[in-house]
Amino acid sequence: MSQKINGVKGMNDLLPGEIEVWQFVENTARTLFGRFGYGEVRTPMVEDTALFVRSVGEETDIVGKEMYTFEDKGGRSLSLRPEGTAPAARAYIEHSVSNVEPVSRWFYMGPMFRYERMKTGRYRQFSQIGAEAYGAKEPAQDAELMDVVVQFLEALGLTDVTLNINSLGDDNCRPAYHAKLVEYLNAHRDELCADCQQRLERNPLRVLDCKNEKCQAVAGAGPNVLEFLCEPCRTHFTDLQRKLGALGIRYVVNHRLVRGLDYYTRTVFEFIASHPALGTASTVGGGGRYDKMMKGLGGPDVPAVGFAMGLDRLVLLLKEGGKTFTAQPDLFIVAADVDAACQDAALALTSRLRREGFYVEFDTRGGSLKSQMKRADKSGARFSLVLGGDELRTGQAKLKPMAGGDLIPVALGSVAQTLRQAASQPSSPPSLKTRE
Ligand code: HAM
């Protein structure tokens, strides 16, 4: 017997019945980004490894430990994208977008790849929905992005999420903080894990996002980055907070928030869910400003700010909410007779109503009236309609409300009209209304 081949560890299949909640999240995001004027960008899943090394940073866990890197047949070092910001920036530079418009606002959604230790909410292929705004250095842009996320989470019905914000300063003020941090961490060197002892030499800020509890305790008691901000960075951060206030967005200032990527300057933020379903993977999204990245990648000196949400984690939260996302058929057509004329007429009526925009089910296997009625019941359809010799002869049939109630007489030529009338009744299920 041949051996069964399974999917790759940490990379999940999404089957019908499960995909609907994903589509709900994706459709909600598309609607919202549209309202905010963000256009969709799609970049390849594979990029030159150097892109991530130079932007995300060599010393980050993402680049140092988690990238899927390989050599192609031409000997180039390529990597599966671990995140979407650097690829979008690469595309922005490559297509000289800043020459065409001063401000560009993009969004993306799709799979990212990180070779991480797997647990609930942490996978090796996961999906992000992200947005990037290029060309505006003002704190209003940071606030607008946070507003997108807040409205997105509201639209999904996820309210138990806390926004954490911080500022990491810029090239002007960060060195003083950096020096103080190194001094402090050196004094606590023995309490740090082996990785962090190395990070201390090469990129001490990374010690602050080490997942080791001991390192977190040391980092937590360390110097406060906000006390080191220069005047322009302080003003940016204060203005941002005022704007969040004007938008009615609640937030917590968390001076320990550094994020796991090297490209940030000034604002960083994270959205943290408190639901136990996520365990330690409670960060549903995060982002920040990265005003230096474009230039660092050989592009124009264009400021930028963005975020990405973890779709897998949003879906976990939504599933906990107990709502169902699968569409219910508007109608299940049952062919009462096994003869070809009846079967063909049922198939044709199904097709006609689908063309009219209804979700109609018909069992192509045929079968007894009883078994088809059973399937109609199981499908969750709002109505069923039995089509047999009598109905075909008279042109008249009956719509049966599956939840109970009187049969509705209907001419076979006007089933669509009757279904539409039913849809305008207050008790109509969402599947009969126009889908977004
Ligand atoms: P990040 O914090 O690395 O940021 O990822 C954003 C979100 O992706 C996380 O908050 C989490 O919800 C989700 N995520 C990350 N890794 C995994 C994983 N292994 N499994 C499941 N979900 C995961 C970025 O990627 C930045 N590019 C965000 C950004 C955009 N900054 C500026 N613009």
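The values are calculated or read from the model by the stated rules, or taken from the named source; none is laboratory data. None of the values given here were measured: they were computed from a predicted structure. Every residue, glycine among them, receives a Cβ derived from its backbone with ideal geometry; neighbour counts consider all protein chains shown. Heads up: the accessible areas ignore ligands, DNA and RNA and are worked out on the full protein's heavy atoms, side chains in. Shrake-Rupley method; radii C 1.70, N 1.55, O 1.52, S 1.80 Å.
Considering only residues in segment 117-137 that are outside any strand (DSSP E or B) and at pLDDT 95 or above, the one that is nearest to the ligand (Cβ to nearest atom) turns out to be Tyr123. Put simply, of Gly37, Gly17, Gly7 the only residue that is modelled with pLDDT under 95 and either farther than 28 Å from Met293 by Cα or surrounded by fewer than 13 Cβ atoms within 10 Å (Cβ to Cβ) (or both) is Gly17. Answer with yes or no whether Ala140 is surrounded by fewer than 18 Cβ atoms within 10 Å (Cβ to Cβ), among the aliphatic types (A, V, I, L, M) and at pLDDT below 95. Answer is no for this residue. Scanning segment 68-96 for residues that are among the β-branched types (Val, Ile, Thr) and within 16 Å of the ligand (Cβ to nearest atom) gives Thr85, Ile93. Of all the numbered requirements in (1) at pLDDT 95 or above; (2) open to solvent by 10 Å² or more (accessible area, probe 1.4 Å), Val148 misses one, and that requirement is (2).
Residues of segment 59-80 that are farther than 23 Å from Asp195 by Cβ, open to solvent by 50 Å² or more (accessible area, probe 1.4 Å) and either under 24 Å from the mean Cα position of the chain (by Cα) or without any contact (Cβ under 8 Å) to a residue 24 or more places away in the chain (or both): Phe70, Glu71, Lys73, Gly74.
Of the listed requirements (1) touching an Asp or Glu at 6+ places or on another chain (Cβ under 6 Å); (2) β-branched (Val, Ile, Thr); (3) closer than 17 Å to Val268 by Cα, Val207 misses just one: (1).
Of the helices (runs of 4 or more DSSP H) lying entirely inside segment 138-210, not one carries at least 3 residues that are among the basic types (Lys, Arg).
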